[in-house]
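I have placed the structure first, in the form of structure tokens, so that the comments after it can refer back to it.
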Amino acid sequence: MQDNKDKHSISPAADNWEEIYKTYSRKMYAVCLRYARNHEEAEDILHDGFIKVFACLSEYKNLGSFEGWIRRIMVHTAINAYRKYSSRWFPIDDKEQTTESDTVCIEDNIAHDELIKLINTMPDGYRLVFNMYVIEGYKHNEIAEALGITESTSKTQLMKARNYLKNKIGVKTYEKV
């Protein structure tokens, strides 16, 4: 039988709130920061997310990792924050974009922290879709449903996000011969 407990084996019980917060807040703050425009917004998302975690502790069924369950709540809290506070996430662009090259060559290695900073400079729509698709592993149909956009818009936003990063990093693309 496989044990689904996290390595910290914290019991998701109401009397462990402080321990749960201390154990997971740093990792979850990093998740929130990827979706937020700044540190203050990330802190707001983090606190709102933990309020939801603590309110729903009784709903956790030990079917997966406790950390993964908390992470999903944080991502959904970040998405809901954008729904609530952003008047428009996605730039208006009715033109369909062409697909990007199959081959990419990155000439310079980029530090993880630098990459995160670049991701945080993306327009909101790019950053949101990029994080959901690349970091969290959502599919385009799931992103579209969660954000109330079309699958095509999700794909276009991801392509634009990748191009944005390529331009910022200075990546050269080469077409297949």
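The values are calculated or read from the model by the stated rules, or taken from the named source; none is laboratory data. Quick caveat, the model's predicted, so the values are computed rather than measured. FYI the Cβ positions are ideal-geometry reconstructions off the backbone, even for glycines, and counts take in every protein chain you see.
Some points to look at:
- Those residues of the range 61-80 which are buried (at least 19 other Cβ atoms within 10 Å of the Cβ) and small (Gly, Ala, Ser), in sequence order: Ala78
- Screening Ala111 against (1) among the hydrophobic types (A, V, I, L, M, F, W, C); (2) surrounded by 13 or more Cβ atoms within 10 Å (Cβ to Cβ); (3) free of Cβ contacts under 8 Å to residues at least 40 places away in the same chain leaves a single unmet condition, (2).
- Within the range 62-78, residues that are within 13 Å of Phe50 (Cβ to Cβ) have Cβ atoms under 7 Å from residues that are at pLDDT 95 or above and part of a loop (DSSP other than H, G, I, E, B) in no pair, counting only partners at least 6 apart in sequence or on another chain.
- Filter result for Glu59 (under 17 Å from the mean Cα position of the chain (by Cα) and acidic (Asp, Glu)): no
- Residue selected from the range 123-135 under the condition among the hydrophobic types (A, V, I, L, M, F, W, C) and in contact with a Lys or Arg (Cβ under 9 Å, 6 or more places away or on another chain), by the criterion surrounded by the most Cβ atoms within 10 Å (Cβ to Cβ): Val129
- Of the residues making up the range 33-75, those that are in a helix (DSSP H, G or I) and among the basic types (Lys, Arg) number 4.
- Scanning the range 136-160 for residues that are aliphatic (A, V, I, L, M), over 23 Å from Ala30 (Cα atoms), surrounded by fewer than 19 Cβ atoms within 10 Å (Cβ to Cβ) and in contact (Cβ under 8 Å) with a residue 40 or more places away in the chain turns up just one, Met159.
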